[in-house]
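Worksheet for the structure shown next.
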Amino acid sequence: MDALDSEDSVDRHIARWSGKVPFDVPTEGVITRIQLLAKHVKYGKERALAETGLQEFEFETMHRLASRGEPWRAPSAELAAELLLSPAGMTGRLDSLERSGLIRRVRAAGDRRRVDVELTDAGHRRWREAMRWRGIAEAEMIEPLDDAERAALSALLKRMLLHVEAK
C-alpha cells in the first residue's frame, strides 16, 4: 500500500470535523501535518538531549558558541542578547555550564572588563554528540522521501515561510 493511500491521524481529524465547522480541507491537512511534524521534531530534539545528558538551555548556549567556529568563543553580553537573557540570567546559565566543565570564561585580551565565553573541548564533544543524535532523529523523519521529494518539499516550505516572513 502506498503512503498516500494510507490514513494518518490528520485524515481522521479532518473526517471527525467535516460538516461540524467550515474549513478548507487541503489547508487543514497541510497546517495540521506541519504542526504534528513540528511536535515530532521537538520530541527528537528532546531525545537527543536525553542521550547526552544535556538540558535545553545548556545545548542552546553551547550551540551558539559552536556556530562561531574555533575557538568557539563569544562575548558574554553578545551571547545573552542572542539568547534573549538578562545579564543575571546569563550569569546563572554560565555558572552551571562552567561547573560542568562545558564552558570557560576568559577575559578579553584587548578589554579586561569584557568576559568572553568559550566551549571547552569536553563541551564541544558533548555538543557534537547531541548534534549527532539530532541528525539521527531528523534522518528518521525524512527517510520516506527520496532526494527529489526532499528538495521539492524544502522549496515549497521555503516559499510558504518567505510569504509569512514578508508580512
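How much of the accessible area of the chain, in percent, comes from carbon and sulfur atoms when a 1.4 Å probe is used?
Looking at the chain in its full context, I get 56 percent from C and S.
For the chain, the longest principal axis of the Cα atoms and the long axis of helix 56-66 meet at an angle of about 70 degrees.
One chain, two ends: SER9 and MET160. Fully extended at 0.36 nm per residue, the span grows by 52.1 nm beyond their Cα-Cα distance. Highest GNM mean-square fluctuation, the chain, Cα pairs closer than 10 Å: which of VAL25, VAL117, VAL41? Fluctuation is largest for VAL25.
Placing a label point 7 Å from the Cα of GLU149 along the Cα-to-Cβ line, the residues of region 20-51 whose backbone N sits under 16 Å from it are 34, 37.
Think of a 1.4 Å ball rolled over the protein heavy atoms: the chain then has 69 Å² of accessible area per residue. Beyond 18 Å, how much of the Cα-Cα pair distribution for the chain remains, as a whole percent? Tail fraction, whole percent: 71. Ellipticity at 222 nm from helices only: DSSP H runs of n ≥ 4 in the chain, each -39500 (n - 2.57), divided by the residue count, give -21500 deg cm²/dmol. Axis of helix 87-99 versus longest Cα principal axis of the chain: the two differ by about 80°, to the nearest ten degrees.
For region 8-93, a Kirkwood hydrodynamic radius built from all Cα pairs, placed in the Stokes-Einstein relation at 20 °C and 1.002 mPa s, yields a translational diffusion coefficient of 132 µm²/s. Reported to the nearest whole Å, the Cα centre-to-centre distance from region 1-63 to region 133-167 is 13.
Here, region 25-68 is characterised by an Rg to Rh ratio of 1.20, where Rg is the alpha-carbon radius of gyration and Rh the Kirkwood radius. Across region 50-109, the volume of the C-alpha convex hull divided among the residues equals 91 Å³ per residue.
Using 0.36 nm per residue of separation minus the Cα-Cα distance, give me the extension gain between ARG105 and ALA88 in nm, one decimal. Show your work: numbers first, answer last.
Numbers: separation 17, 0.36 × 17 = 6.12 nm, distance 1.52 nm.
Using 0.36 nm per residue and subtracting the Cα-Cα distance, I get 4.6 nm.
Annotation: amide H-H contacts under 5 Å for LEU83 (H modelled 1.01 Å from N, sequence separation of 5 or more, or interchain): none.
Using a simple spin-label model with pseudo-atoms 7 Å out from Cα toward Cβ, ILE136 and TYR43 lie 1.7 nm apart. Taking amide H positions as modeled 1.01 Å from N, with prolines and chain starts lacking one, the residues under 5 Å from ILE103 and 5 or more places away or on another chain are GLU98, THR120.
The values are calculated or read from the model by the stated rules, or taken from the named source; none is laboratory data. Nothing here was measured: the structure is a model prediction, and the numbers come from that model. Neighbour counts are summed over all protein chains in view; Cβ atoms, including those assigned to glycine, are modelled from backbone coordinates with ideal geometry. What goes into the accessible areas is simple: the full protein's heavy atoms, side chains included, and nothing from ligands, DNA or RNA. Shrake-Rupley method; radii C 1.70, N 1.55, O 1.52, S 1.80 Å.
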